[in-house]
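The values are calculated or read from the model by the stated rules, or taken from the named source; none is laboratory data. Small disclaimer: the values here were computed from a predicted structure and weren't measured. Because the Cβ atoms are built from the backbone with ideal geometry, glycine has one as well, and the counts that use them run over all protein chains shown. The accessibility values were calculated without ligands, DNA or RNA, using every heavy atom of the protein model including side chains. Shrake-Rupley method; radii C 1.70, N 1.55, O 1.52, S 1.80 Å.
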Amino acid sequence: MRTIRPGLVFLLLALAGFAAAACGGDDGDEGGGASSIDDYLGAQVTPFFEKPDLVLTDTEGRPFDIRKDTEGFLTILYVGYTHCPDICPTTMYDISEVLKTLTEKQRSQIKVVFATADPDRDTPEVIRKWLDHFDTTFIGLSGDSRQISDLLKQLLMGTPQRTDLGEGNYAVSHAAYAIAYTKDNTGRLVYPFGITQDDWKHDLPMLVNETWK
Amino acid sequence: MDWKRWSGLVMLGVAAVAAVALVACGDDDDDDGDGAGTASPTVAASPTQGQVAKLQIIDPRARDTTNDVSAAYFTVKNTGDATDRLLSVTADVSTKVEVHEMVMEGGTAKMQAVKAPLEIPAGGELVLKPGGYHIMLMNLASPLKEGQQVKLTLTFEKSGKIEVTAPVKKIEAMN
Ligand SMILES: [Cu+2]
(Lines give C-alpha, C1' and ligand atoms only; values in the text may rest on other atoms or scores of the structure.)
Protein backbone atom coordinates (compact mmCIF):
# COMPACT_ATOMS: atom_id res chain seq x y z
CA MET A 1 0.00 0.00 0.00
CA ARG A 2 0.99 3.56 -0.41
CA THR A 3 1.82 4.16 3.19
CA ILE A 4 5.15 4.40 4.85
CA ARG A 5 6.50 5.27 8.21
CA PRO A 6 7.11 8.94 8.91
CA GLY A 7 10.37 10.40 7.76
CA LEU A 8 10.64 8.10 4.83
CA VAL A 9 9.00 9.00 1.66
CA PHE A 10 7.07 6.94 -0.77
CA LEU A 11 7.21 7.93 -4.34
CA LEU A 12 4.52 7.46 -6.88
CA LEU A 13 5.00 8.68 -10.38
CA ALA A 14 2.10 8.12 -12.69
CA LEU A 15 4.08 7.56 -15.82
CA ALA A 16 1.25 7.95 -18.27
CA GLY A 17 0.39 11.31 -16.77
CA PHE A 18 4.03 12.24 -16.83
CA ALA A 19 4.31 11.55 -20.55
CA ALA A 20 1.21 13.63 -21.24
CA ALA A 21 2.60 16.52 -19.21
CA ALA A 22 5.88 16.30 -21.09
CA CYS A 23 4.09 17.13 -24.31
CA GLY A 24 2.69 20.30 -22.83
CA GLY A 25 -0.87 19.59 -21.74
CA ASP A 26 -2.06 22.59 -19.77
CA ASP A 27 -4.20 22.58 -16.69
CA GLY A 28 -6.89 25.15 -16.14
CA ASP A 29 -6.60 28.01 -13.72
CA GLU A 30 -9.78 27.39 -11.77
CA GLY A 31 -11.78 24.53 -10.44
CA GLY A 32 -10.47 23.07 -7.18
CA GLY A 33 -7.72 20.56 -6.69
CA ALA A 34 -7.38 17.10 -8.07
CA SER A 35 -10.21 14.61 -7.78
CA SER A 36 -7.82 12.23 -6.01
CA ILE A 37 -4.38 12.45 -4.47
CA ASP A 38 -3.35 9.83 -7.04
CA ASP A 39 -3.70 12.50 -9.72
CA TYR A 40 -0.57 14.20 -8.39
CA LEU A 41 2.93 13.35 -9.55
CA GLY A 42 4.40 14.20 -6.14
CA ALA A 43 5.13 11.41 -3.69
CA GLN A 44 2.51 10.75 -1.05
CA VAL A 45 3.43 10.88 2.62
CA THR A 46 1.44 9.03 5.25
CA PRO A 47 0.82 10.25 7.85
CA PHE A 48 1.05 13.77 6.45
CA PHE A 49 3.55 16.37 7.66
CA GLU A 50 2.49 19.22 9.91
CA LYS A 51 3.98 22.63 9.32
CA PRO A 52 6.89 23.15 11.70
CA ASP A 53 5.90 25.16 14.75
CA LEU A 54 8.92 27.40 14.86
CA VAL A 55 10.11 30.95 14.47
CA LEU A 56 13.27 31.36 12.38
CA THR A 57 14.98 34.41 10.90
CA ASP A 58 14.25 35.60 7.37
CA THR A 59 16.77 37.20 5.02
CA GLU A 60 15.91 40.69 6.26
CA GLY A 61 16.82 39.56 9.77
CA ARG A 62 13.20 39.56 10.88
CA PRO A 63 11.52 36.74 12.82
CA PHE A 64 9.58 34.39 10.56
CA ASP A 65 6.86 32.30 12.15
CA ILE A 66 6.62 29.36 9.76
CA ARG A 67 2.98 28.58 10.56
CA LYS A 68 1.63 32.10 10.93
CA ASP A 69 3.57 33.67 8.07
CA THR A 70 2.61 31.03 5.51
CA GLU A 71 -1.03 30.65 6.58
CA GLY A 72 -3.37 30.60 3.59
CA PHE A 73 -0.64 29.95 1.02
CA LEU A 74 0.42 26.86 -0.83
CA THR A 75 3.85 26.57 0.77
CA ILE A 76 6.78 24.75 -0.79
CA LEU A 77 9.42 24.07 1.85
CA TYR A 78 12.93 22.93 1.01
CA VAL A 79 15.84 22.41 3.38
CA GLY A 80 19.31 22.63 1.87
CA TYR A 81 22.41 24.79 1.91
CA THR A 82 23.84 27.40 -0.41
CA HIS A 83 27.22 25.70 -0.80
CA CYS A 84 25.38 22.74 -2.30
CA PRO A 85 26.44 22.75 -5.96
CA ASP A 86 24.15 20.03 -7.25
CA ILE A 87 20.64 19.21 -6.14
CA CYS A 88 19.77 22.36 -4.14
CA PRO A 89 20.30 24.83 -6.97
CA THR A 90 18.69 22.39 -9.41
CA THR A 91 15.58 22.18 -7.25
CA MET A 92 15.35 25.94 -6.68
CA TYR A 93 15.91 26.66 -10.35
CA ASP A 94 13.29 24.15 -11.48
CA ILE A 95 10.71 25.58 -9.09
CA SER A 96 11.51 29.16 -10.12
CA GLU A 97 11.12 28.33 -13.80
CA VAL A 98 7.78 26.63 -13.30
CA LEU A 99 6.41 29.52 -11.24
CA LYS A 100 6.98 31.74 -14.27
CA THR A 101 4.55 29.60 -16.25
CA LEU A 102 1.68 30.06 -13.78
CA THR A 103 -0.97 32.73 -13.97
CA GLU A 104 -0.49 35.74 -11.73
CA LYS A 105 -3.41 34.55 -9.65
CA GLN A 106 -1.88 31.11 -9.13
CA ARG A 107 1.54 32.55 -8.44
CA SER A 108 0.21 34.94 -5.81
CA GLN A 109 -1.06 32.00 -3.76
CA ILE A 110 2.30 30.29 -3.46
CA LYS A 111 5.16 30.86 -1.02
CA VAL A 112 8.48 29.12 -1.58
CA VAL A 113 10.50 28.76 1.61
CA PHE A 114 14.13 27.68 1.72
CA ALA A 115 15.57 26.86 5.15
CA THR A 116 19.27 26.24 5.63
CA ALA A 117 20.75 23.04 7.01
CA ASP A 118 24.08 24.86 7.28
CA PRO A 119 23.53 27.84 9.60
CA ASP A 120 27.28 28.33 10.11
CA ARG A 121 27.84 29.48 6.54
CA ASP A 122 24.32 30.50 5.56
CA THR A 123 23.74 33.89 7.07
CA PRO A 124 20.62 35.82 6.00
CA GLU A 125 22.76 37.83 3.54
CA VAL A 126 24.33 34.74 1.99
CA ILE A 127 20.93 33.10 1.58
CA ARG A 128 19.38 36.24 0.08
CA LYS A 129 22.09 36.53 -2.54
CA TRP A 130 21.72 32.89 -3.44
CA LEU A 131 17.90 32.94 -3.59
CA ASP A 132 17.81 36.14 -5.65
CA HIS A 133 19.61 34.18 -8.26
CA PHE A 134 16.43 32.11 -8.69
CA ASP A 135 13.54 34.28 -7.54
CA THR A 136 13.63 37.42 -5.44
CA THR A 137 10.35 36.45 -3.75
CA PHE A 138 11.70 33.18 -2.35
CA ILE A 139 11.79 33.25 1.44
CA GLY A 140 15.07 32.22 3.06
CA LEU A 141 15.29 31.11 6.67
CA SER A 142 18.20 30.65 9.00
CA GLY A 143 18.69 30.40 12.73
CA ASP A 144 21.14 29.16 15.29
CA SER A 145 22.13 25.51 15.23
CA ARG A 146 19.66 24.67 17.98
CA GLN A 147 16.78 26.19 16.01
CA ILE A 148 17.83 24.39 12.85
CA SER A 149 18.00 21.04 14.61
CA ASP A 150 14.55 21.75 16.05
CA LEU A 151 13.30 22.41 12.52
CA LEU A 152 14.82 19.21 11.19
CA LYS A 153 13.44 17.23 14.11
CA GLN A 154 9.94 18.52 13.44
CA LEU A 155 10.34 17.64 9.78
CA LEU A 156 11.65 14.15 10.71
CA MET A 157 14.70 14.90 8.61
CA GLY A 158 17.52 13.90 10.95
CA THR A 159 20.66 15.79 11.89
CA PRO A 160 22.77 17.16 9.03
CA GLN A 161 26.00 15.22 8.62
CA ARG A 162 29.09 17.10 7.56
CA THR A 163 31.51 15.59 5.08
CA ASP A 164 34.89 17.26 5.11
CA LEU A 165 36.11 18.15 1.61
CA GLY A 166 39.38 19.74 2.65
CA GLU A 167 40.71 23.30 2.60
CA GLY A 168 37.75 24.49 4.65
CA ASN A 169 35.14 23.04 2.31
CA TYR A 170 32.48 20.69 3.57
CA ALA A 171 29.27 19.10 2.36
CA VAL A 172 26.10 18.87 4.43
CA SER A 173 23.55 16.07 4.19
CA HIS A 174 19.95 17.18 3.79
CA ALA A 175 16.58 15.93 2.62
CA ALA A 176 16.42 15.35 -1.11
CA TYR A 177 12.81 16.51 -1.43
CA ALA A 178 10.63 19.57 -1.16
CA ILE A 179 7.45 19.40 0.93
CA ALA A 180 4.24 20.94 -0.43
CA TYR A 181 1.90 22.22 2.29
CA THR A 182 -1.51 22.97 0.92
CA LYS A 183 -3.65 25.79 2.29
CA ASP A 184 -5.04 23.53 5.00
CA ASN A 185 -1.45 23.41 6.38
CA THR A 186 -1.00 19.70 5.68
CA GLY A 187 2.01 18.35 3.81
CA ARG A 188 0.72 15.27 2.02
CA LEU A 189 2.97 15.40 -1.01
CA VAL A 190 6.72 15.69 -1.34
CA TYR A 191 8.76 16.27 -4.49
CA PRO A 192 11.91 14.14 -4.42
CA PHE A 193 14.92 14.94 -6.49
CA GLY A 194 14.37 13.71 -10.03
CA ILE A 195 11.04 15.49 -10.28
CA THR A 196 11.11 17.60 -13.41
CA GLN A 197 9.75 21.00 -14.32
CA ASP A 198 6.96 19.27 -16.22
CA ASP A 199 5.99 17.36 -13.08
CA TRP A 200 5.80 20.59 -11.10
CA LYS A 201 3.83 22.20 -13.93
CA HIS A 202 1.38 19.36 -13.72
CA ASP A 203 0.88 19.55 -9.95
CA LEU A 204 1.15 23.18 -8.87
CA PRO A 205 -2.04 24.54 -10.48
CA MET A 206 -4.04 21.78 -8.76
CA LEU A 207 -2.20 22.16 -5.46
CA VAL A 208 -3.04 25.85 -5.31
CA ASN A 209 -6.74 24.95 -5.11
CA GLU A 210 -6.40 21.71 -3.18
CA THR A 211 -8.62 21.20 -0.13
CA TRP A 212 -8.35 17.38 0.15
CA LYS A 213 -12.10 17.03 0.28
CA MET B 1 10.23 -0.67 0.32
CA ASP B 2 13.06 1.69 0.71
CA TRP B 3 13.84 4.99 -0.86
CA LYS B 4 16.75 3.77 -2.87
CA ARG B 5 14.79 1.14 -4.71
CA TRP B 6 12.02 3.52 -5.44
CA SER B 7 14.13 6.38 -6.62
CA GLY B 8 16.03 3.93 -8.79
CA LEU B 9 12.82 2.72 -10.31
CA VAL B 10 11.60 6.21 -10.82
CA MET B 11 14.77 7.32 -12.50
CA LEU B 12 14.44 4.38 -14.87
CA GLY B 13 10.82 5.23 -15.48
CA VAL B 14 11.59 8.87 -16.03
CA ALA B 15 14.33 8.05 -18.49
CA ALA B 16 12.10 5.65 -20.40
CA VAL B 17 9.19 8.03 -20.55
CA ALA B 18 11.41 10.96 -21.40
CA ALA B 19 12.69 8.99 -24.37
CA VAL B 20 9.15 8.20 -25.45
CA ALA B 21 8.05 11.79 -24.94
CA LEU B 22 10.96 13.03 -26.99
CA VAL B 23 9.89 10.90 -29.92
CA ALA B 24 6.24 11.74 -29.45
CA CYS B 25 6.94 15.46 -29.38
CA GLY B 26 9.04 15.21 -32.50
CA ASP B 27 12.32 16.54 -31.17
CA ASP B 28 15.21 15.45 -33.28
CA ASP B 29 18.45 13.87 -32.26
CA ASP B 30 21.58 15.78 -31.55
CA ASP B 31 24.21 15.46 -34.12
CA ASP B 32 27.87 15.87 -33.54
CA GLY B 33 29.23 19.34 -33.26
CA ASP B 34 25.94 21.19 -33.54
CA GLY B 35 25.24 24.25 -31.40
CA ALA B 36 27.86 26.24 -29.61
CA GLY B 37 29.10 24.82 -26.35
CA THR B 38 29.02 21.19 -27.41
CA ALA B 39 32.60 20.14 -27.58
CA SER B 40 33.03 16.62 -28.85
CA PRO B 41 36.66 15.83 -29.27
CA THR B 42 37.40 12.23 -30.08
CA VAL B 43 40.65 10.80 -28.91
CA ALA B 44 41.97 7.38 -29.74
CA ALA B 45 44.44 5.97 -27.30
CA SER B 46 47.49 4.12 -28.44
CA PRO B 47 46.39 0.55 -28.86
CA THR B 48 47.30 -1.98 -26.21
CA GLN B 49 47.03 -5.36 -27.87
CA GLY B 50 44.27 -4.07 -30.14
CA GLN B 51 42.21 -2.73 -27.23
CA VAL B 52 41.30 0.90 -27.77
CA ALA B 53 39.10 3.26 -25.83
CA LYS B 54 37.57 5.88 -28.10
CA LEU B 55 36.07 8.67 -26.07
CA GLN B 56 33.73 11.46 -26.93
CA ILE B 57 32.78 14.17 -24.41
CA ILE B 58 29.22 15.32 -24.92
CA ASP B 59 27.46 18.43 -23.59
CA PRO B 60 29.98 19.70 -21.07
CA ARG B 61 28.41 22.39 -18.90
CA ALA B 62 28.97 24.16 -15.61
CA ARG B 63 26.46 25.71 -13.26
CA ASP B 64 26.29 29.43 -12.64
CA THR B 65 26.63 30.25 -8.98
CA THR B 66 26.72 33.05 -6.42
CA ASN B 67 29.51 31.69 -4.28
CA ASP B 68 32.80 29.80 -4.45
CA VAL B 69 31.48 26.32 -5.31
CA SER B 70 29.93 24.96 -8.45
CA ALA B 71 29.48 21.75 -10.41
CA ALA B 72 30.24 20.70 -13.96
CA TYR B 73 28.61 17.89 -15.91
CA PHE B 74 29.12 16.01 -19.17
CA THR B 75 28.63 12.62 -20.77
CA VAL B 76 31.55 10.45 -21.89
CA LYS B 77 30.81 8.02 -24.70
CA ASN B 78 33.21 5.19 -25.37
CA THR B 79 32.92 3.80 -28.88
CA GLY B 80 36.10 1.78 -28.50
CA ASP B 81 36.54 -1.79 -27.33
CA ALA B 82 38.40 -1.12 -24.08
CA THR B 83 37.12 0.21 -20.78
CA ASP B 84 38.58 3.56 -19.75
CA ARG B 85 38.59 5.37 -16.42
CA LEU B 86 38.34 9.03 -15.47
CA LEU B 87 41.32 9.53 -13.19
CA SER B 88 41.25 13.24 -12.47
CA VAL B 89 39.92 16.59 -13.59
CA THR B 90 41.34 20.07 -13.44
CA ALA B 91 39.66 23.36 -14.28
CA ASP B 92 40.97 26.81 -15.12
CA VAL B 93 38.59 28.47 -12.64
CA SER B 94 39.19 26.30 -9.60
CA THR B 95 42.17 25.22 -7.54
CA LYS B 96 40.30 22.29 -6.03
CA VAL B 97 38.44 19.93 -8.33
CA GLU B 98 37.03 16.54 -7.40
CA VAL B 99 34.76 13.93 -8.90
CA HIS B 100 31.72 13.72 -6.62
CA GLU B 101 28.66 11.59 -6.24
CA MET B 102 25.31 12.15 -4.58
CA VAL B 103 24.31 9.26 -2.38
CA MET B 104 20.66 8.95 -1.39
CA GLU B 105 20.01 7.36 1.99
CA GLY B 106 16.36 7.10 2.97
CA GLY B 107 15.45 10.40 1.36
CA THR B 108 18.60 12.14 2.54
CA ALA B 109 21.13 13.33 0.00
CA LYS B 110 24.80 13.18 0.83
CA MET B 111 27.60 14.49 -1.35
CA GLN B 112 31.00 12.86 -1.33
CA ALA B 113 34.06 12.20 -3.45
CA VAL B 114 33.83 9.01 -5.50
CA LYS B 115 35.65 6.09 -3.92
CA ALA B 116 37.19 4.85 -7.15
CA PRO B 117 37.76 6.28 -10.63
CA LEU B 118 34.56 6.28 -12.71
CA GLU B 119 34.53 3.76 -15.54
CA ILE B 120 33.48 4.24 -19.11
CA PRO B 121 32.84 0.71 -20.35
CA ALA B 122 33.66 -0.25 -23.92
CA GLY B 123 30.65 0.63 -26.03
CA GLY B 124 29.06 2.38 -23.08
CA GLU B 125 28.88 5.79 -21.52
CA LEU B 126 29.37 7.63 -18.27
CA VAL B 127 26.77 10.28 -17.50
CA LEU B 128 27.39 13.10 -15.06
CA LYS B 129 24.18 14.91 -14.14
CA PRO B 130 22.43 16.50 -11.16
CA GLY B 131 21.62 13.95 -8.47
CA GLY B 132 24.27 11.55 -9.75
CA TYR B 133 27.91 12.33 -10.48
CA HIS B 134 29.34 15.81 -10.86
CA ILE B 135 32.67 17.53 -11.13
CA MET B 136 32.95 19.57 -7.95
CA LEU B 137 34.58 22.93 -8.47
CA MET B 138 35.73 24.45 -5.18
CA ASN B 139 37.63 27.57 -4.12
CA LEU B 140 36.40 29.51 -7.16
CA ALA B 141 38.18 32.84 -7.36
CA SER B 142 34.88 34.43 -8.39
CA PRO B 143 31.36 33.08 -8.91
CA LEU B 144 30.68 31.50 -12.31
CA LYS B 145 28.40 33.66 -14.44
CA GLU B 146 26.13 32.61 -17.27
CA GLY B 147 27.92 33.00 -20.59
CA GLN B 148 31.34 32.35 -19.11
CA GLN B 149 33.39 29.36 -20.32
CA VAL B 150 35.16 26.90 -18.08
CA LYS B 151 38.07 24.93 -19.44
CA LEU B 152 38.15 21.40 -18.04
CA THR B 153 41.03 19.00 -18.49
CA LEU B 154 39.93 15.41 -18.05
CA THR B 155 42.60 12.79 -17.52
CA PHE B 156 41.69 9.24 -18.51
CA GLU B 157 43.62 6.09 -17.78
CA LYS B 158 43.91 5.02 -21.41
CA SER B 159 42.99 8.07 -23.45
CA GLY B 160 45.14 10.51 -21.54
CA LYS B 161 44.17 14.16 -21.31
CA ILE B 162 41.11 15.57 -23.06
CA GLU B 163 40.33 19.26 -22.85
CA VAL B 164 36.77 20.50 -23.11
CA THR B 165 35.11 23.88 -22.80
CA ALA B 166 32.04 23.95 -20.60
CA PRO B 167 29.70 26.90 -20.99
CA VAL B 168 28.29 28.24 -17.71
CA LYS B 169 24.52 28.02 -17.58
CA LYS B 170 21.51 27.35 -15.41
CA ILE B 171 21.02 23.63 -15.04
CA GLU B 172 17.75 21.79 -14.50
CA ALA B 173 17.01 18.25 -13.36
CA MET B 174 16.26 16.95 -16.83
CA ASN B 175 17.53 18.28 -20.09
CU1 LIG C 1 30.17 17.99 -4.91
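Name every residue in the stretch A:36-70 that is over 22 Å from residue A:116 (Cα atoms) and free of Cβ contacts under 8 Å to residues at least 12 places away in the same chain, in order of residue number.
Across the stretch A:36-70, the qualifying residue is only A:36.
From the residues in the stretch A:70-100 that are part of a helix (DSSP H, G or I) and within 16 Å of the ligand (Cβ to nearest atom), which one is surrounded by the fewest Cβ atoms within 10 Å (Cβ to Cβ)? Steps first, answer last, please.
Applying the first criterion (part of a helix (DSSP H, G or I)) to the stretch A:70-100 yields A:70, A:87-99.
Now drop any that are not within 16 Å of the ligand (Cβ to nearest atom), which leaves A:87-91.
On the way: A:87: 26, A:88: 25, A:89: 25, A:90: 23, A:91: 28.
If we take residues in the stretch A:70-100 being part of a helix (DSSP H, G or I) and within 16 Å of the ligand (Cβ to nearest atom), then A:90 is surrounded by the fewest Cβ atoms within 10 Å (Cβ to Cβ).
Could you please tell me which pairs satisfy a Cβ distance under 6 Å, a separation of 6+ or placement on different chains, a first residue in the stretch B:150-175 that is without any contact (Cβ under 8 Å) to a residue 60 or more places away in the chain and more than 22 Å from residue A:196 (Cα to Cα), and a second residue that is in a strand (DSSP E or B) and open to solvent by 10 Å² or more (accessible area, probe 1.4 Å)?
Close Cβ pairs satisfying both conditions: B:161/B:153; B:161/B:155.
Listed here are the residues, each with its yes/no results for (1) within 16 Å of the ligand (Cβ to nearest atom); (2) within 11 Å of chain A (Cβ to nearest Cβ).
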{"residue": "B:89", "(1), (2)": "yes, no"}
{"residue": "B:102", "(1), (2)": "yes, yes"}
{"residue": "B:108", "(1), (2)": "yes, yes"}
{"residue": "B:125", "(1), (2)": "no, no"}
{"residue": "B:142", "(1), (2)": "no, no"}
{"residue": "B:153", "(1), (2)": "no, no"}
{"residue": "B:156", "(1), (2)": "no, no"}
{"residue": "B:164", "(1), (2)": "no, no"}
{"residue": "B:170", "(1), (2)": "no, yes"}
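Which strands (runs of 3 or more DSSP E) sit wholly inside the stretch B:95-175 and have at least 3 residues that are farther than 19 Å from residue A:86 by Cα?
Of the strands (runs of 3 or more DSSP E) lying wholly inside the stretch B:95-175, those with at least 3 residues that are farther than 19 Å from residue A:86 by Cα span B:149-156, B:160-169.
Report, ordered by the first and then the second residue, all pairs with beta carbons closer than 7 Å, sequence separation of six or more or different chains, a first member in the stretch A:82-106 that is facing chain B (nearest Cβ under 9 Å), and a second member that is assigned to a helix (DSSP H, G or I).
A:82/A:126; A:82/A:127; A:82/A:130; A:94/A:197; A:94/A:200; A:97/A:197
Filtering the stretch B:66-119 down to residues that are acidic (Asp, Glu) and under 20 Å from residue A:118 (Cα atoms), which residue is surrounded by the fewest Cβ atoms within 10 Å (Cβ to Cβ)?
Pass one, the stretch B:66-119, residues acidic (Asp, Glu): B:68, B:81, B:84, B:92, B:98, B:101, B:105, B:119.
Filter once more, keeping what is under 20 Å from residue A:118 (Cα atoms): B:68, B:101, B:105.
Numbers: B:68: 18, B:101: 18, B:105: 14.
If we take residues in the stretch B:66-119 being acidic (Asp, Glu) and under 20 Å from residue A:118 (Cα atoms), then B:105 is surrounded by the fewest Cβ atoms within 10 Å (Cβ to Cβ).
In this structure, does residue A:97 turn out to be on the phi > 0 side of the Ramachandran plot and touching a Lys or Arg at 6+ places or on another chain (Cβ under 9 Å)?
The answer is no for residue A:97.
Just checking, which of A:153, A:213 is part of a loop (DSSP other than H, G, I, E, B) and more than 12 Å from chain B (Cβ to nearest Cβ)?
Answer to the check: A:213.
Any idea how many residues of the stretch A:195-209 are buried (at least 24 other Cβ atoms within 10 Å of the Cβ) and outside any helix (DSSP H, G or I)?
So the count comes out to 1.
Looking at (1) more than 20 Å from residue A:57 (Cα to Cα); (2) open to solvent by 50 Å² or more (accessible area, probe 1.4 Å), which one does residue A:170 not meet, given that it meets all the others?
For residue A:170, the exception is condition (2).
Could we say that residue A:184 is of a type outside the set (Val, Ile, Thr) and open to solvent by less than 10 Å² (accessible area, probe 1.4 Å) here?
no
Looking at (1) more than 10 Å from chain B (Cβ to nearest Cβ); (2) more than 11 Å from the chain's Cα centre (by Cα), which one does residue A:78 not meet, given that it meets all the others?
(2)
So which residues in the stretch A:112-134 are assigned to a loop (DSSP other than H, G, I, E, B) and surrounded by 18 or more Cβ atoms within 10 Å (Cβ to Cβ), if there are any at all? Step through it out loud before you land on a result.
As a first pass, look at the stretch A:112-134 and keep what is assigned to a loop (DSSP other than H, G, I, E, B): A:117-123, A:133-134.
Scanning the stretch A:112-134 gives A:117, A:118, A:119, A:122, A:133, A:134.
Got a sec? Which of A:64, A:48 is of a type outside the set (Ser, Thr, Tyr), touching a Gly at 6+ places or on another chain (Cβ under 7 Å), open to solvent by 10 Å² or more (accessible area, probe 1.4 Å) and farther than 30 Å from residue B:139 by Cβ?
Testing whether each residue is of a type outside the set (Ser, Thr, Tyr), touching a Gly at 6+ places or on another chain (Cβ under 7 Å), open to solvent by 10 Å² or more (accessible area, probe 1.4 Å) and farther than 30 Å from residue B:139 by Cβ leaves just A:48.
Which of the residues belonging to the stretch A:156-174 are within 15 Å of the ligand (Cβ to nearest atom) and either touching a helix residue (DSSP H, G or I) at 6+ places or on another chain (Cβ under 8 Å) or assigned to a strand (DSSP E or B) (or both)?
Within the stretch A:156-174, A:162, A:163, A:164, A:165, A:166, A:169, A:170, A:171, A:172, A:174 meet the criteria.
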